[in-house]
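The block underneath contains the structure these notes are about, expressed in structure tokens.
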Amino acid sequence: DTEVTQTPKHLVMGMTNKKSLKCEQHMGHRAMYWYKQKAKKPPELMFVYSYEKLSINESVPSRFSPECPNSSLLNLHLHALQPEDSALYLCASSQALGNQPQHFGDGTRLSIL
Amino acid sequence: QQQVKQSPQSLIVQKGGISIINCAYENTAFDYFPWYQQFPGKGPALLIAIRPDVSEKKEGRFTISFNKSAKQFSLHIMDSQPGDSATYFCAAPNQAGTALIFGKGTTLSVSS
């Protein structure tokens, strides 16, 4: 079992739907990350939060909207997604920004119809 | 753009053999080099990591070798087992040190 919990594990949605992905960690980590991973590819960084503040946005389309309500939770709000957005969405956390071990959840498998 | 170049793309090893995966980096400011193991349907799991003040780190059957002058680091899996069959990613910090850049991955198959 991983220490970073992501829900739901699978999500199928239409292009007009609004949904949210959730991530939770209780390791006291102050940096949290969203990655996108396509099949047979490495994870690609989307967003980084440090102390609940958005630190990095890797030019992600606005149809993806991150939120960090507190130090343990990270959400990714989805709206008007495209079929090419189908992927595994991974959340990770680390003690702080910088050269720290990152711990990943098992991801949400997202399919856009 | 910063890169971490990983090879080979795929690797087939007999049970009991040694698996070797290599990575090369560009940015000399990098000072943390982790390896991740990913099984199908799971997230990447931190396997082992090294900082450049040492040339080698060993944890059980897994060893990282680090060559600072060549800007390369490698993962050695000794006595490879079928349960080691997975995708392995090397990574290094980005220039700002705020996130990880991953290599393209190596799919390892250990045949019994």
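The values are calculated or read from the model by the stated rules, or taken from the named source; none is laboratory data. In this text, all values refer to a predicted model and were calculated from it rather than measured experimentally. Every residue, glycine among them, receives a Cβ derived from its backbone with ideal geometry; neighbour counts consider all protein chains shown.
Evaluate the following for B:Asp84: is it under 30 Å from A:Pro8 (Cα atoms) and among the acidic types (Asp, Glu)?
It is true that B:Asp84 is under 30 Å from A:Pro8 (Cα atoms) and among the acidic types (Asp, Glu).
Kindly indicate whether A:Ser111 is over 14 Å from the mean Cα position of the chain (by Cα) and part of a strand (DSSP E or B). Yes. Taken together, the residues in segment A:14-51 that are surrounded by fewer than 17 Cβ atoms within 10 Å (Cβ to Cβ) and closer than 15 Å to A:Ser86 by Cβ amount to 9. Number of residues in segment B:74-108 that are within 14 Å of another protein chain (Cβ to nearest Cβ), assigned to a strand (DSSP E or B) and at pLDDT 95 or above equals 8. B:Ala70 meets all of the listed conditions (1) away from every other protein chain (no Cβ under 14 Å); (2) under 18 Å from B:Gly105 (Cα atoms); (3) in a loop (DSSP other than H, G, I, E, B) but one, namely (2).
The residues in segment B:1-51 that are of a type in the set (A, V, I, L, M, F, W, C) and farther than 13 Å from B:Leu100 by Cβ can be counted, and the count is 13. Across segment B:40-52, a minimum of one residue is classified as at the interface with another protein chain (Cβ under 10 Å from one of its Cβ atoms) and of a type in the set (D, E, K, R). Among the residues of segment A:57-78, those identified as away from chain B (no Cβ under 14 Å), among the hydroxyl-bearing types (Ser, Thr, Tyr) and not in a strand (DSSP E or B) are A:Ser62, A:Ser71, A:Ser72. Remark: pairs (first residue in segment B:1-23, among the acidic types (Asp, Glu); second residue assigned to a strand (DSSP E or B); Cβ separation under 6 Å; 6+ apart in sequence or on different chains) are absent.
Looking at A:Leu11, A:Leu54, A:Leu81, A:Leu97, which is the one that is part of a loop (DSSP other than H, G, I, E, B) and surrounded by fewer than 21 Cβ atoms within 10 Å (Cβ to Cβ)?
Of the residues listed, the single one that is part of a loop (DSSP other than H, G, I, E, B) and surrounded by fewer than 21 Cβ atoms within 10 Å (Cβ to Cβ) is A:Leu97.
Looking at segment B:9-23, is at least one residue closer than 20 Å to A:Gln100 by Cβ and either acidic (Asp, Glu) or away from chain A (no Cβ under 12 Å) (or both)? The answer is no, given that none of the residues of segment B:9-23 is closer than 20 Å to A:Gln100 by Cβ and either acidic (Asp, Glu) or away from chain A (no Cβ under 12 Å) (or both).
Is segment B:32-54 home to any residue that is part of a strand (DSSP E or B), in contact (Cβ under 8 Å) with a residue 24 or more places away in the chain and surrounded by fewer than 16 Cβ atoms within 10 Å (Cβ to Cβ)?
The answer is no; no qualifying residue exists.
I need a count of the residues in segment B:86-112 that are crowded, with 19+ Cβ neighbours inside 10 Å and farther than 29 Å from A:Ala31 by Cβ. The qualifying residues number 2. For segment A:20-27, indicate whether the set of residues that are of a type in the set (S, T, N, Q) and either assigned to a loop (DSSP other than H, G, I, E, B) or within 15 Å of A:Ser93 (Cβ to Cβ) (or both) is non-empty. Yes, segment A:20-27 contains a residue that is of a type in the set (S, T, N, Q) and either assigned to a loop (DSSP other than H, G, I, E, B) or within 15 Å of A:Ser93 (Cβ to Cβ) (or both).
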